[in-house]
Amino acid sequence: MFHAPNGLQRDRLPEASREPEPVPTSTAEAAAQTEAAAPAPATTPAATPAKPPAGRRDAYFDNAKYLAIVLVAVAHAWEPVMDGSRATRAAYMFVYAFHMPAFIIISGYFSRSFTARPDQLKRLVSGMVVPYLLFETAYTLFRRWVTGDPAYPFSINDPMYLTWFLIALFVWRLSAPLWRLVRYPLPLALAIAALGTLTPGMGQSLDLQRILQFLPFFVLGLSLKPEHFQMVRRREVRLLALPLVAGAAVFTYWITPHLRMGWFYRSGSAVELDAPWWTGPLMTAAMFVCALLLTVAFLAWVPRRRTWFTVLGAGTICGYLLHGFLVKTVVYLGLVRQHPWLAEPAGEIAVTVAAAAAVTLFCTPPVRRALKFATEPELSWAFRRDVTALAGPATAVSSRTSR
């Protein structure tokens, strides 16, 4: 019998049992689309689609974000129903191995031109800090209401559930200019992540443990160039991805009973996971390689042309932030205990389909427009006039390059 850690609570449990999420990675719109995005990868007709004209979004990255947010939502939906099922727990672990790294790598790639200009800082505040504060409050009030616990504490420095990604991306983006100055950014980021696994007790404050342990993926994204994505989308890479994914799935099923999910959450140190201190750096390197290989396999099979779901890539921040309320409802109301069939194969399939459908709905343009006041608020009134004037033309340029 296999029991998943209860990661859907914010109570002071061991860090290994706290649920991360992303994806996302502003898990999504703010995560993968920044105000200073680089141009879409150069392409050739035989391998990849032509560079989108100014004012048009890159279909490839929108497709990648949508598919990644579906994986995020589905994995979260599996958590309440996977106890006792080795196959479901293995699938959960497999998805967790790469879905947030994929989001973070894309986030880093679209942060390459961030130089901390005033207009960029303005968008950083409106696109990440404000949504973090609003949804941290919303999730706290939602828990109070659903569980009937009006005394449940509000904590601005202890991100609840999936809001951690917003504050993490805020910190990573601010550090982007620094990573362009150092000679060996990725090895340095990996060393910092490894040191994080040796430092117990710092996970509660702004989820600093996750900020450090996921940092190498952001730095890697900063280092990527358009031609790297051309290489990923080559036919031979797509073919090699098939046996890679198959082998990884078999390995994950085999190792599931022996590996704690806390390593994938990256929210605690090695000691807090009841492991020897030296396993922290080793797991940092091993999981980075595993996540990178699976991310390449994922990106290799992302459609390059426009599809029916391409338009949904623009609203993934909404899907990211809203789907958590549904998952929390299932947990807070104990629906799995009341309806045990949900933990059976038929129920798990139903939960999977429902989660994918719900997050798809949350990514649609009408929902994005309705939620714009919270995810993309207009804060010109809060900034000096010279900053607001500078943000105007810069925003117009960024919308042409990042979309």
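The values are calculated or read from the model by the stated rules, or taken from the named source; none is laboratory data. What you see is a predicted model, and the numbers here were worked out from it, not measured in a lab. Note: ideal-geometry Cβ built from the backbone for every residue, glycine included; neighbour counts use all protein chains shown. All accessible areas refer to the heavy atoms of the entire protein, side chains included, with ligands and DNA or RNA removed. Shrake-Rupley method; radii C 1.70, N 1.55, O 1.52, S 1.80 Å.
When the test is whether a residue is open to solvent by 10 Å² or more (accessible area, probe 1.4 Å) and of a type in the set (Lys, Arg), Arg173 does not pass it.
Among the residues in the stretch 254-262, are any among the aliphatic types (A, V, I, L, M) and under 18 Å from the mean Cα position of the chain (by Cα)? Yes, the stretch 254-262 contains at least one residue that is among the aliphatic types (A, V, I, L, M) and under 18 Å from the mean Cα position of the chain (by Cα). For the stretch 303-358, the tally of residues that are basic (Lys, Arg), open to solvent by 30 Å² or more (accessible area, probe 1.4 Å) and closer than 23 Å to Leu67 by Cα stands at 3.
Would you be able to say whether some residue in the stretch 199-207 is assigned to a helix (DSSP H, G or I) and either of a type in the set (A, V, I, L, M) or over 25 Å from Ala286 (Cβ atoms) (or both)? Within the stretch 199-207 (the criterion being assigned to a helix (DSSP H, G or I) and either of a type in the set (A, V, I, L, M) or over 25 Å from Ala286 (Cβ atoms) (or both)), the answer is no, since none of the residues qualifies. Of all residues in the stretch 104-145 being of a type in the set (Val, Ile, Thr) and open to solvent by less than 10 Å² (accessible area, probe 1.4 Å), which is nearest to the chain's Cα centre (by Cα)? Result: Ile104.
Against the test of being crowded, with 17+ Cβ neighbours inside 10 Å and either closer than 27 Å to Pro187 by Cβ or among the basic types (Lys, Arg) (or both), the options Met231, Met283 yield a single qualifying residue, Met283. Residues that are of a type in the set (A, V, I, L, M, F, W, C) and open to solvent by 20 Å² or more (accessible area, probe 1.4 Å) were ranked within the stretch 72-103; the one that is farthest from Gly262 (Cα to Cα) is Ala87. Number of residues in the stretch 128-146 that are among the hydroxyl-bearing types (Ser, Thr, Tyr) and either out of contact with any helix residue (DSSP H, G or I) (no Cβ under 9 Å at 6 or more places or on another chain) or at pLDDT below 95 (or both) equals 2. Residues of the stretch 144-182 that are assigned to a helix (DSSP H, G or I) and among the charged types (D, E, K, R): Arg144, Arg173.
The set of residues in the stretch 211-235 being farther than 23 Å from Asp58 by Cα and either part of a helix (DSSP H, G or I) or among the small types (Gly, Ala, Ser) (or both) consists of Ile211, Leu212, Gln213, Leu215, Pro216. Taken as a whole, the stretch 71-86 holds no residue that is among the hydroxyl-bearing types (Ser, Thr, Tyr) and at pLDDT 95 or above.
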